[in-house]
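Bear in mind that the values in this text are calculations on the coordinates, not laboratory data. Predicted model only: the values in this text are computed from it and were never measured.
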Amino acid sequence: MPTPHRRFKDSIYEQLGRIGKAVAAPKRIELLDLLCQGPRTVEALAEQAALSVANASQHLKVLRAA
């Protein structure tokens, strides 16, 4: 049976893995950079990142889930 310390470490590693997977796409990093500059609509993000609205929305969905 795993110790509480082991369960804690496993949980942390799992979360780090999810974040790493979410930012593995360069366009997702660009979207995060744009959002750090201030709130924007999906349409504005898509235009500034040279993405379709549908593609930007899918990238944002992945980021939100992480």
Nearby aspartates and glutamates by direct alpha-carbon distance to LYS27 (threshold 14 angstrom, same-chain neighbours under 8 apart not counted): GLU47
Taking Rh as the Kirkwood radius computed over alpha-carbon pairs of the stretch 4-65 and applying Stokes-Einstein at 10 °C with viscosity 1.306 mPa s, one gets a diffusion coefficient in µm² s⁻¹ of 125 µm²/s
At a Cα cut-off below 22 Å, give the lysines reachable from LYS9, other chains included and same-chain residues fewer than 8 away excluded. LYS21
